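Participant: First the structure, which I've put down as structure tokens, then a few questions once you've had a look.
The values are calculated or read from the model by the stated rules, or taken from the named source; none is laboratory data. As the structure is a computational prediction, the values presented were derived from the model and not from experiment. Here the Cβ is made from the backbone with ideal geometry for all residues, glycine too, and neighbour counts use every protein chain on show.
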Amino acid sequence: MTKNEIIELLNKDLSLEFAAAIQYIQHAAKITGAEYQSIQKELIIHANEEMGHANVLAEQIAYMGGEPTLDVGDRRTAGDSGEMLKQDLEGERDAVKRYKMRVEQARSIGEFGLARALEDILIMEEEHERDLMAALGL
């Protein structure tokens with residue numbers, strides 16, 4: 001793993017953070033049903049936290065000499081509230097998996113500050129995963 005390779009991976013992560021924020025905003029606006037009222041409000045919080053992650057990633061990319069991307073990853077939506085939450089859960093599970101790898105990759109090239117910043121993001125992504133699992137009764 002080189003610094004340029006991790007910058008490239010972090011830019012992919014950044015595009016997915018942008019996408020997650022957009023998807024959460026759209027899902028929060030569309031979700032219906034009394035059983036989803038509490039998670040609806042939580043989705044807005046998640047959207048704001050995802051933008052915070054995007055900011056951290058952009059700062060780290062720039063610090064390492066890269067150019068933070070403006071690209072936005074794929075977004076998903078559905079007509080059914082439960083399906084939207086399942087889509088969000090899939091995204092969070094992917095994020096947890098990616099950030100676990102990214103922490104190890106950062107450590108492997110001696111970027112311990114980056115690893116620490118990624119650990120903070122990972123902790124929040126795991127919290128998002130738990131929130132969505134609870135909302136889905138999993």
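Participant: Within the range 91-112, can you find the residues that are in contact (Cβ under 8 Å) with a residue 12 or more places away in the chain, assigned to a helix (DSSP H, G or I) and more than 10 Å from the chain's Cα centre (by Cα)?
Facilitator: Passing the criteria: Lys100, Arg102, Val103, Gln105, Ala106, Ser108.
Participant: Have a look at Thr77, Thr69 and point out the one that is out of contact with any strand residue (DSSP E or B) (no Cβ under 8 Å at 6 or more places or on another chain), of a type outside the set (Asp, Glu), at pLDDT 95 or above and not in a helix (DSSP H, G or I).
Facilitator: Going through Thr77, Thr69 in turn, just one is out of contact with any strand residue (DSSP E or B) (no Cβ under 8 Å at 6 or more places or on another chain), of a type outside the set (Asp, Glu), at pLDDT 95 or above and not in a helix (DSSP H, G or I): Thr69.
Participant: Regarding Met84, is this residue within 15 Å of Leu122 (Cα to Cα), of a type in the set (A, V, I, L, M, F, W, C) and assigned to a helix (DSSP H, G or I)?
Facilitator: no
Participant: Which numbered condition in (1) closer than 30 Å to Gln40 by Cβ; (2) surrounded by 15 or more Cβ atoms within 10 Å (Cβ to Cβ) is the only one that Thr77 fails?
Facilitator: Condition not satisfied by Thr77: (2).
Participant: Consider Ser15 carefully, then state whether it is surrounded by 14 or more Cβ atoms within 10 Å (Cβ to Cβ), hydroxyl-bearing (Ser, Thr, Tyr) and in contact (Cβ under 8 Å) with a residue 24 or more places away in the chain.
Facilitator: Yes, satisfied.
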